[in-house]
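> Got a structure here, written out as structure tokens. Questions coming.
The values are calculated or read from the model by the stated rules, or taken from the named source; none is laboratory data. Only a predicted model underlies this, so the values are computations on that prediction, with no experimental measurement involved. Ideal geometry is used to build each Cβ from the backbone, glycine not excepted, and the neighbour counts take in all protein chains shown.
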Amino acid sequence: MTIDTLSPTLDTPPAGALSSPAAQRNVEPILHALDSVVPETGKALEIASGTGEHVVRMADRFPALSWQPSDMDPTRIASIDAYVAAAGLPNLRPAIRIDATRHGWSAIHGGNDLIVVVNLLHLISADEADMVIEQAAKALNRGGRLAVYGPFRRNGKLTSDGDIRFDAELKTRDPLIGYKDDVEMTKMLHANWLELEKVVEMPANNLMFVAHRAN
Ligand SMILES: C[S@@+](CC[C@H](N)C(=O)[O-])C[C@H]1O[C@@H](n2cnc3c(N)ncnc32)[C@H](O)[C@@H]1O
């Protein structure tokens, strides 16, 4: 499979790289939403980078930022590194291991001007999601932005058949995980001194929350 649509810098998938159809589908809308969100310069950290297909495109699209991908899974880290090596972008670093649900990671990986989290929160429990947001807030510089993309309940409700099915599937895997609520998400951001700037409606009924660290 070619990945022309994934990265203008790559013609074929690098050896050892994973590819996700969902990441291929949503990368363009995510880049478009980030156009008005990324700071002019500085450090950007991606949490839960997955295959690495997103971060390679983000680093290419926003070259004035230095991009740090991360994940907690060694197979995903190897895939990210395969894309990073093949892309050869000067502003894209090899992946690091971060378990975003663990207390204290912000102390080691702080000083960021942008943190991007795509499609993680529905895969973890509410307490873990709270920890991700808390640590992300602490890992931002003052004024730094957090962008969180994914599927969410709207004021407690699942709003499409696909969402009802997917959330039920997740809960069968683990009753503690599943869609988080948009209202709870806003409260969680505020509780961590993050000022909500906007909630962007994204394709396939997803949302992108954009917030910044006020102080
Ligand atoms: C559905 S994938 C999304 C990957 C990528 N962001 C995307 O949208 O294509 C979820 C990713 O979250 C990672 N992940 C799961 N739990 C995590 C945690 N506690 N900390 C960091 N990454 C985690 C998984 O390894 C996986 O790569």
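> Considering only segment 33-68, state which residues are charged (D, E, K, R), assigned to a strand (DSSP E or B) and within 13 Å of the ligand (Cβ to nearest atom). Please lay out each step first, then the result.
At the first step, the residues of segment 33-68 found to be charged (D, E, K, R) are 35, 40, 43, 46, 53, 57, 60-61.
Now narrow it down to the ones that are assigned to a strand (DSSP E or B): 43, 46.
If the condition is that a residue be charged (D, E, K, R), assigned to a strand (DSSP E or B) and within 13 Å of the ligand (Cβ to nearest atom), then 46 is the only one that fits.
> Quick check on segment 86-103. Is at least one of its residues of a type in the set (Asp, Glu) and buried (at least 20 other Cβ atoms within 10 Å of the Cβ)?
no
> Given the conditions (1) more than 23 Å from residue 39 (Cα to Cα); (2) under 16 Å from the mean Cα position of the chain (by Cα), which single one is not true for residue 113?
The single condition residue 113 does not satisfy is (1).
> Need the failing condition index for residue 111 against (1) surrounded by 13 or more Cβ atoms within 10 Å (Cβ to Cβ); (2) within 28 Å of residue 96 (Cα to Cα), just the number.
Every condition holds for residue 111 apart from (1).
> Among the numbered conditions (1) without any contact (Cβ under 8 Å) to a residue 60 or more places away in the chain; (2) crowded, with 17+ Cβ neighbours inside 10 Å; (3) in a helix (DSSP H, G or I), tell me where residue 153 comes up short.
Checking residue 153 against (1) without any contact (Cβ under 8 Å) to a residue 60 or more places away in the chain; (2) crowded, with 17+ Cβ neighbours inside 10 Å; (3) in a helix (DSSP H, G or I), the one that fails is (3).
> Scan (1) in contact with a helix residue (DSSP H, G or I) (Cβ under 9 Å, 6 or more places away or on another chain); (2) modelled with pLDDT under 95 for the single condition residue 25 breaks and write down its number.
(2)
> On to the next question. What is the one condition in (1) surrounded by fewer than 15 Cβ atoms within 10 Å (Cβ to Cβ); (2) within 17 Å of the chain's Cα centre (by Cα); (3) acidic (Asp, Glu) that residue 127 does not satisfy?
(2)
> Same structure again: Return the residues of segment 69-83 that are more than 13 Å from the ligand (Cβ to nearest atom) and over 20 Å from residue 22 (Cβ atoms); say none if nothing qualifies. Give the steps one after another, and end with the answer.
Step one: list which residues in segment 69-83 are more than 13 Å from the ligand (Cβ to nearest atom), which gives 81-82.
Within segment 69-83, 81 is the sole residue that qualifies.
> Here is a further query. Just checking, which of 201, 195, 184 is surrounded by 16 or more Cβ atoms within 10 Å (Cβ to Cβ) and more than 16 Å from the ligand (Cβ to nearest atom)? Before you say what the answer is, go through the steps one by one.
Details: 201 fails: surrounded by 16 or more Cβ atoms within 10 Å (Cβ to Cβ); 195 fails: surrounded by 16 or more Cβ atoms within 10 Å (Cβ to Cβ).
Answer to the check: 184.
> If residue 76 meets every condition in (1) basic (Lys, Arg); (2) surrounded by fewer than 18 Cβ atoms within 10 Å (Cβ to Cβ); (3) in contact with a Gly (Cβ under 9 Å, 6 or more places away or on another chain) apart from one, which number is that one?
(2)
> Related question: Considering only residues of segment 87-134 that are in a loop (DSSP other than H, G, I, E, B), in contact with a Leu (Cβ under 9 Å, 6 or more places away or on another chain) and away from the ligand (no atom under 13 Å from the Cβ), which is farthest from residue 211 (Cα to Cα)?
For segment 87-134, the residue satisfying everything is 91.
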